[in-house]
Amino acid sequence: MIDTLRLTAEEASGLLERGEVSPAELHAAYLGAIEERDGELNAYLRTVAELDGEGVPIAFKDLISTRGVETTAGSRILSGYTPVFDATVATRCREAGLPLLGKTNMDEFAMGSSTENSGFGPTRNPWDPERVPGGSSGGSAAAVAAGLAPWALGSDTGGSVKQPAALCGVVGLRPTYGTVSRYGILAFASSLDQIGPLTKTVRDCALLYRTIAGRDPCDSTTVDLPGPVELPEGEDLRRVRIGLPRQMLELEGIEPGVARAVESALDLARELGAEVAECELPRSVEYGLPCYYLIAPAEASSNLARYDGVRYGLRVDEAWELDAMYERTRDAGFGDEPKRRIMLGTYALSAGYYEAYYGQAQKVRTLIRREHEAVFECFDLIASATSPTVAFPLGAKTQNPLAMYASDLLTIPSNLAGLPGLSIPCGLADALPVGLQLIGPQFSENLLFRAGHALEQALAFDAVPARLAGAAT
Ligand code: GLN
């Protein structure tokens, strides 16, 4: 019997190498776990029964194009859309022999922080099914936490890998912008979108990052990595200088249990030899959210213009008149959040407002990047909570978009600066997982993995949701 709840990708790969399980048995074990537990969780939008690789199976967020497998970005407007090509990350996983387990649920077009904006029903948190898994990569995070996939890919524009990783008690990496190809990803905000791994351990995260990262001629924003991706081994943090942005520590709305778990993780970091001291990111924290909510909707309004009923997915065309077909298709196909953002973004880009909104936000973005660069003159890493709160109850924020947006207050600033960020589970508050966010300079993934791994060993967090721990399959 394979215990998918606890099995890491690295362990699964060991089982395969030693011939202790066959690729088919491993794949079937996960499909069995999905059959058993996903009725409650709704982490998957669809599974893939046939085995198309000999390695450790993987799940993809449903905005990664997969040849011959329906891809909807969580939107009804793409119901029935089956890509004729693979995204580059899918090709790389295929070439590495990783068979696809299925496509995971998400907020529609990755707009959201709870997976409740999915056009196909919310995903539930494996730690407490009355609560959200975070978002927008909530399906991928929940799948890994519940043992329904050994590892998964998500996407992170403003926090959509890091925040659900935190809320589900798994590891999530948002890579440096430009290290992972966006070719074949259904675009939300192109200057921010990055694909990243969700895994049980930091080493698994490094392995998967190594598989997907690198220059891709099909995405001109990608670059060669400065060096090979190293698997972390060390267990100390000697000579690592960690900055704690005072404005993030003092943020209103941080739950006391979250603050406590992060503090004790940092105490542990000190014991491992790190130098921990306060630093300053005043503009990033104050202006990050408003800046993001101009840039991201502006880019989204442009990217989503292509969903008009002509080429992809849904078409509502009883009128047989082109403009009416566009309008009806978009009205019926998009949910409230994409509509809200298309309107905001179109407004921010319109003649007469462009400079005041989009142009101004770009300038603020530059300030945020410089503020981070200044901190990295004195520190190697920046640490904070990943999310101000633990997983919240379903429905708690659906009527209040601003409260939902505030979930990403701590993840957005470094994303605007193009920097990599790792979230690792650092403890529990009210029996729910808390995430620690580590941010590094561009291309510092190896350092993030090394620090994350050292802390992970010292923290010894049990990543199996308590309510599932008894029912191991
Ligand atoms: N929650 C943020 C938003 O709704 C970030 C989403 C993301 O990173 N895709 O835009």
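Inside the range 149-183, residues that are closer than 17 Å to A59 by Cβ and surrounded by fewer than 24 Cβ atoms within 10 Å (Cβ to Cβ) make up a count of 0. When we screen V229, V223, V171, V202 for residues that are out of contact with any strand residue (DSSP E or B) (no Cβ under 8 Å at 6 or more places or on another chain), away from the ligand (no atom under 12 Å from the Cβ) and of a type in the set (A, V, I, L, M, F, W, C), the only hit is V223. Taking A146, is it among the hydrophobic types (A, V, I, L, M, F, W, C), surrounded by 24 or more Cβ atoms within 10 Å (Cβ to Cβ), more than 19 Å from P297 (Cβ to Cβ) and within 16 Å of the ligand (Cβ to nearest atom)? In short, no.
Each row is one residue, and each column tells you yes or no for (1) more than 18 Å from A429 (Cα to Cα); (2) of a type outside the set (A, V, I, L, M); (3) more than 12 Å from the ligand (Cβ to nearest atom).
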| site | (1), (2), (3) |
| --- | --- |
| P129 | no, yes, yes |
| G134 | no, yes, no |
| A141 | yes, no, yes |
| G159 | yes, yes, no |
| Q163 | no, yes, no |
| T176 | yes, yes, yes |
| F188 | yes, yes, no |
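Among the residues of the range 439-453, are any at pLDDT 95 or above, touching a helix residue (DSSP H, G or I) at 6+ places or on another chain (Cβ under 7 Å) and within 16 Å of the ligand (Cβ to nearest atom)? Looking for residues that are at pLDDT 95 or above, touching a helix residue (DSSP H, G or I) at 6+ places or on another chain (Cβ under 7 Å) and within 16 Å of the ligand (Cβ to nearest atom), one finds at least one in the range 439-453, hence yes. Would you be able to say whether some residue in the range 40-60 is part of a helix (DSSP H, G or I), at pLDDT 95 or above and closer than 28 Å to P129 by Cβ? Scanning the range 40-60, I find at least one residue that is part of a helix (DSSP H, G or I), at pLDDT 95 or above and closer than 28 Å to P129 by Cβ, so the answer is yes. Filtered by the rule that a residue be under 14 Å from the mean Cα position of the chain (by Cα), assigned to a loop (DSSP other than H, G, I, E, B) and among the hydrophobic types (A, V, I, L, M, F, W, C), the range 166-186 gives a lone residue, V170. Note on the range 366-473: enclosed helices (runs of 4 or more DSSP H) holding 2 or more residues that are farther than 23 Å from S264 by Cα and over 16 Å from the mean Cα position of the chain (by Cα) are 401-405, 466-469. On the basis of being more than 16 Å from the ligand (Cβ to nearest atom), in contact (Cβ under 8 Å) with a residue 60 or more places away in the chain and either among the basic types (K, R) or out of contact with any Gly (no Cβ under 6 Å at 6 or more places or on another chain) (or both), does Y357 make the cut? Spelling it out, Y357 is indeed more than 16 Å from the ligand (Cβ to nearest atom), in contact (Cβ under 8 Å) with a residue 60 or more places away in the chain and either among the basic types (K, R) or out of contact with any Gly (no Cβ under 6 Å at 6 or more places or on another chain) (or both).
Each residue in the range 125-142 was checked for being crowded, with 24+ Cβ neighbours inside 10 Å and either assigned to a loop (DSSP other than H, G, I, E, B) or modelled with pLDDT under 95 (or both), and 8 of them qualify. Can you go through D38, D62 and tell me which one is in contact with an Asp or Glu (Cβ under 9 Å, 6 or more places away or on another chain), in contact (Cβ under 8 Å) with a residue 40 or more places away in the chain and either of a type in the set (D, E, K, R) or more than 23 Å from M111 (Cα to Cα) (or both)? Matching residue, one of D38, D62: D62.
For D408, state whether it is more than 30 Å from E337 (Cα to Cα) and either free of Cβ contacts under 8 Å to residues at least 12 places away in the same chain or within 16 Å of the ligand (Cβ to nearest atom) (or both).
Details: more than 30 Å from E337 (Cα to Cα): no; either free of Cβ contacts under 8 Å to residues at least 12 places away in the same chain or within 16 Å of the ligand (Cβ to nearest atom) (or both): yes.
It is false that D408 is more than 30 Å from E337 (Cα to Cα) and either free of Cβ contacts under 8 Å to residues at least 12 places away in the same chain or within 16 Å of the ligand (Cβ to nearest atom) (or both).
Scanning the range 98-124 for residues that are closer than 13 Å to G74 by Cβ, part of a loop (DSSP other than H, G, I, E, B) and aliphatic (A, V, I, L, M) yields M106, M111.
If you go through the range 175-187 and keep only what is touching a Ser or Thr at 6+ places or on another chain (Cβ under 7 Å) and either among the small types (G, A, S) or closer than 10 Å to D156 by Cβ (or both), you end up with G178, S181, G184. Going through the range 382-395 one residue at a time, which ones are within 15 Å of the ligand (Cβ to nearest atom) and within 16 Å of D107 (Cβ to Cβ)? S387, A391, F392 - these are the residues of the range 382-395 that are within 15 Å of the ligand (Cβ to nearest atom) and within 16 Å of D107 (Cβ to Cβ).
Does K363 qualify as being among the charged types (D, E, K, R), farther than 30 Å from G452 by Cβ, more than 16 Å from the ligand (Cβ to nearest atom) and out of contact with any Lys or Arg (no Cβ under 7 Å at 6 or more places or on another chain)? Here the answer is yes, as K363 does meet what is asked. Residues that are in a loop (DSSP other than H, G, I, E, B) and either within 16 Å of the ligand (Cβ to nearest atom) or modelled with pLDDT of 95 or more (or both) within the range 80-97 comprise Y81, T82, P83, V84, F85, D86, A87, A96, G97, listed in sequence order.
Quick grid of which residues meet (1) away from the ligand (no atom under 16 Å from the Cβ); (2) without any contact (Cβ under 8 Å) to a residue 60 or more places away in the chain:
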| residue | (1), (2) |
| --- | --- |
| E275 | yes, yes |
| L281 | yes, no |
| E286 | yes, yes |
| C291 | no, no |
| I295 | no, no |
| A298 | no, no |
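Applying a threshold of 6 Å to beta carbon distances and a minimum spacing of six or more residues, or different chains, the list of pairs starting in the range 146-165 at a residue that is part of a loop (DSSP other than H, G, I, E, B) and ending at one that is among the polar types (S, T, N, Q) and more than 13 Å from the ligand (Cβ to nearest atom) reads G147/T4.
Here is a yes/no grid of residues against (1) closer than 23 Å to L63 by Cβ; (2) surrounded by 15 or more Cβ atoms within 10 Å (Cβ to Cβ); (3) touching a Phe, Trp or Tyr at 6+ places or on another chain (Cβ under 9 Å); (4) modelled with pLDDT under 95:
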| site | (1), (2), (3), (4) |
| --- | --- |
| E271 | no, no, no, no |
| C279 | no, yes, yes, no |
| Y293 | yes, yes, yes, no |
| L304 | yes, yes, yes, no |
| G309 | yes, yes, yes, yes |
| E321 | no, no, no, yes |
| R341 | yes, yes, yes, no |
| Y353 | no, no, yes, yes |
| I368 | no, yes, yes, no |
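Considering each residue of the range 193-205 in turn, at least one proves to be of a type in the set (S, T, Y) and surrounded by 21 or more Cβ atoms within 10 Å (Cβ to Cβ).
The values are calculated or read from the model by the stated rules, or taken from the named source; none is laboratory data. Quantities reported herein were computed from a predicted structural model and do not represent experimental measurements. Because the Cβ atoms are built from the backbone with ideal geometry, glycine has one as well, and the counts that use them run over all protein chains shown.
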